[in-house]
Amino acid sequence: MAQYEAFDQRTEVHGRTILVVVDDALARFSEEYRTTALDTLAANGVDDPTPDGWYPQQAWLDTMETIADELEPHLLDRLGGQIPAVAPWPDGISTVEAGLQSIDDAYQSNHRGGDAGYYEYEHEGDRTGRVTCANPYPCLFDRGLVRAVARQHAPVKSFVFVEERGQHCRRAGDDTCTYTVSW
């Protein structure tokens with residue numbers, strides 16, 4: 001599977017997730033971006049999403065693909081970077097490693113039904129780890145998300161560096177991308 005292709009057509013995304021991305025994260029950049037997202041969602045059968053509703057992940061992925069194609073591909077990186085600030089997240093996180101481990105918890109709480117995929121953190125060394133993203137979301141989105149979570153929990157003077165590493169990439173049709181994170 002490649003990016004933008006749901007692993008399982010039964011997978012749904014929580015409406016609050018869609019709305020925080022559209023109304024909070026996208027609106028931070030431009031009202032035009034927000035409107036494009038809402039119009040694309042409607043074209044994919046998601047009219048007027050509500051915070052308590054559940055919607056097909058494929059419709060949401062199609063919307064993200066339109067954002068990349070019609071607006072700016074790098075916007076996906078910036079959108080991913082907004083997620084920890086606007087989306088519901090597990091409490092009690094105080095380290096980079098715990099933050100990176102929490103990405104999967106946040107992801108699973110906002111998806112249901114079918115195989116949504118996952119995020120997996122692996123400790124590599126002092127202030128270095130690896131995050132494998134096995135999901136249908138775009139690579140740029142995940143890179144921004146991983147970087148933002150690491151920055152949020154890194155020591156104040158720490159520089160966070162995220163680099164895609166590994167033999168697999170969703171842009172090439174694989175199911176995973178792996179990022180090395182240093183802080």
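Bear in mind these aren't lab numbers, they're just calculated from the coordinates by the rules spelled out. Everything numeric here is computed off the predicted structure, so don't read it as measured data. Methodologically, a virtual Cβ is constructed for each residue, glycine included, from the backbone with ideal geometry; neighbour enumeration extends over all protein chains shown.
Brief remarks follow.
- Here the 3J(HN,Hα) profile of the stretch 72-77, calculated from phi with Karplus coefficients 6.51, -1.76 and 1.60 at θ = phi - 60°, is 8, x, 5, 4, 4, 4 Hz, Gly and Pro shown as x.
- Under Karplus coefficients 6.51, -1.76 and 1.60, residue-wise ³J(HN,Hα) of the stretch 25-42 in Hz, glycine/proline x: 6, 5, 4, 5, 8, 5, 5, 4, 5, 4, 5, 4, 4, 5, 5, 5, 4, 4
- Here the contact order of the chain, divided by its residue count and restricted to Cα pairs under 8 Å and six or more residues apart, works out to 27 percent.
- Two numbers describe the Cα atoms of the chain: Rg and Dmax, which are 15.6, 47 Å.
- Scalar couplings 3J(HN,Hα) for the stretch 162-173, obtained by applying the Karplus form with A = 6.51, B = -1.76, C = 1.60 to θ = phi - 60°, are 10, 9, 6, 9, x, 8, 10, 8, 5, 4, 9, x Hz; x denotes Gly and Pro.
- Taking amide H atoms as placed 1.01 Å from N in the peptide plane, the amide H of Asn135 lies under 5 Å from those of Tyr118, Cys177, each 5 or more residues away in sequence or on another chain.
- Protection proxy ranking of 18-25, 119-126 - average other beta-carbon atoms within 10 Å, highest first: 18-25, 119-126
- Using just its DSSP H runs of length 4 or more, each adding -39500 (n - 2.57), the chain gives a mean residue ellipticity at 222 nm of -11500 deg cm²/dmol after division by all residues.
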